[in-house]
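K.L.:
Structure incoming, see below.
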Ligand SMILES: NC(=O)c1ccc[n+]([C@@H]2O[C@H](COP(=O)([O-])OP(=O)(O)OC[C@H]3O[C@@H](n4cnc5c(N)ncnc54)[C@H](O)[C@@H]3O)[C@@H](O)[C@H]2O)c1
């Protein structure tokens, strides 16, 4: 297990790379901790959770809602979990978002920790302290920014991950490369998903590179007043599509990135939309979709990044360099 400490403002987060779920016992007190996980993760890895107080939630984005929060809080009260308790989210981004949020508000705040079990959660969702729940079609409308005490990485958990979820994780990896890491973009172009799925050392290196890239961006701007916004590349349209259509987070973000690249070519002269689309396709992600513009525009108008009569959009100047620019709704609609 390799330990790296990263400071996010006041908070220090321990990243344990190349670890194992069984090592959780050495990091948290089983008597005071409660594991939150979902039914799929529990079915695949529950045998490794013997001895832990565990709450198993229904799986999926549809359950990242207030009703789930209320139900977990009632169970925590029944279990007698006090302020010295810890909530450990073992799952994908839905579980880490829910766990972080419940830990931030239960008894006005107890400790949280994560063991991400999807590629997406390993490289993105578990990092940075953002947490929260959806409200109707509006993603992550309610939440806090509160850092976990630690994140434990166990790549062997990915062995049971469905292929569609691998693709979803690669969407965020490609996003990181597009906004901040041109050499990684080129490296990804020369490989494919099967390469990383078959080669544990390459996967571990890719996960660590992405986790540290995100951590660095967040550490420089914990409360998202500047640089951190670039991590939202592809997310404005992506979020508007995700809860209205049957798309995984990664598929929605992939479509959002293609749209943002088109918008970039109009506004910044970005010249590599085709390269981005080719890379997304190489990793099994969609680059085109048909949807109801009116419905999507309505959700985008309610986006958290809304400012005045437009949205702060993340655009690319070139591969590896993103900028934030206010784009009027009129132009957003015209390009759709
Ligand atoms: N907080 C943040 O900064 C941040 C960043 C990116 C995404 N997110 C959020 O993350 C969520 C998406 O995360 P996700 O893609 O991990 O989705 P998810 O948590 O729904 O997991 C995807 C599916 O994979 C299953 N699963 C998870 N791990 C498994 C394993 N090891 N083996 C078998 N099945 C497994 C889950 O049960 C689920 O069905 C969204 O809600 C998104 O908003 C948050």
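Let's see how each residue does on (1) surrounded by fewer than 20 Cβ atoms within 10 Å (Cβ to Cβ); (2) within 16 Å of the ligand (Cβ to nearest atom); (3) not in a loop (DSSP other than H, G, I, E, B):
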position	(1), (2), (3)
7	yes, no, yes
13	no, yes, yes
16	no, no, yes
24	no, yes, yes
31	yes, no, no
34	no, no, yes
48	yes, yes, yes
54	yes, yes, yes
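K.L.:
All but one of (1) within 16 Å of the ligand (Cβ to nearest atom); (2) closer than 28 Å to residue 138 by Cβ; (3) touching a residue at least 24 places away in the same chain (Cβ under 8 Å) hold for residue 58; which doesn't?
P.N.:
Residue 58 satisfies all of (1) within 16 Å of the ligand (Cβ to nearest atom); (2) closer than 28 Å to residue 138 by Cβ; (3) touching a residue at least 24 places away in the same chain (Cβ under 8 Å) except (3).
K.L.:
Looking at the range 61-70, which of its residues are more than 21 Å from residue 126 (Cβ to Cβ), without any contact (Cβ under 8 Å) to a residue 24 or more places away in the chain and either within 16 Å of the ligand (Cβ to nearest atom) or surrounded by 15 or more Cβ atoms within 10 Å (Cβ to Cβ) (or both)?
P.N.:
Selection gives 67 alone.
K.L.:
The conditions are (1) crowded, with 20+ Cβ neighbours inside 10 Å; (2) over 27 Å from residue 23 (Cβ atoms); (3) more than 10 Å from the ligand (Cβ to nearest atom), and residue 175 fails exactly one of them. Which is it?
P.N.:
Unmet for residue 175, out of (1) crowded, with 20+ Cβ neighbours inside 10 Å; (2) over 27 Å from residue 23 (Cβ atoms); (3) more than 10 Å from the ligand (Cβ to nearest atom): (3).
K.L.:
Now, a different point. Look through the range 124-169, keep the residues that are within 8 Å of the ligand (Cβ to nearest atom) and assigned to a strand (DSSP E or B), and return whichever of them is nearest to the chain's Cα centre (by Cα).
P.N.:
Only one residue tops the list, namely 130.
K.L.:
Taking the range 249-266 as the region of interest, how many residues are surrounded by fewer than 20 Cβ atoms within 10 Å (Cβ to Cβ) and either within 16 Å of the ligand (Cβ to nearest atom) or over 18 Å from residue 320 (Cβ atoms) (or both)?
P.N.:
2
K.L.:
Another question about this same structure. Picking from 80, 85, 93, which residue would you name as being more than 13 Å from the ligand (Cβ to nearest atom) and surrounded by 20 or more Cβ atoms within 10 Å (Cβ to Cβ)?
P.N.:
Of the residues listed, the single one that is more than 13 Å from the ligand (Cβ to nearest atom) and surrounded by 20 or more Cβ atoms within 10 Å (Cβ to Cβ) is 85.
K.L.:
Still on this model: Test of understanding: among 277, 333, 266, which residue is touching a helix residue (DSSP H, G or I) at 6+ places or on another chain (Cβ under 7 Å) and within 24 Å of residue 140 (Cβ to Cβ)? Before you say what the answer is, go through the steps one by one.
P.N.:
On the way: 277 fails: within 24 Å of residue 140 (Cβ to Cβ); 266 fails: within 24 Å of residue 140 (Cβ to Cβ).
One residue alone meets the criteria, 333.
K.L.:
Mind checking whether some residue in the range 233-255 is under 29 Å from residue 18 (Cβ atoms) and in contact with a strand residue (DSSP E or B) (Cβ under 7 Å, 6 or more places away or on another chain)?
P.N.:
Scanning the range 233-255 turns up at least one residue that is under 29 Å from residue 18 (Cβ atoms) and in contact with a strand residue (DSSP E or B) (Cβ under 7 Å, 6 or more places away or on another chain).
K.L.:
Residues in the range 213-223: is at least one assigned to a loop (DSSP other than H, G, I, E, B), more than 20 Å from residue 98 (Cα to Cα), touching a residue at least 12 places away in the same chain (Cβ under 8 Å) and away from the ligand (no atom under 13 Å from the Cβ)?
P.N.:
No.
K.L.:
Of 330, 317, which residue is in contact (Cβ under 8 Å) with a residue 24 or more places away in the chain and over 28 Å from residue 61 (Cβ atoms)?
P.N.:
317 is the lone residue from the list that is in contact (Cβ under 8 Å) with a residue 24 or more places away in the chain and over 28 Å from residue 61 (Cβ atoms).
Coordinate-derived values only; no laboratory data. What you see is a predicted model; the values in this text were computed from it and never measured. For neighbour counting, all protein chains shown are included, and Cβ atoms are generated from backbone atoms with ideal geometry for every residue, glycine included.
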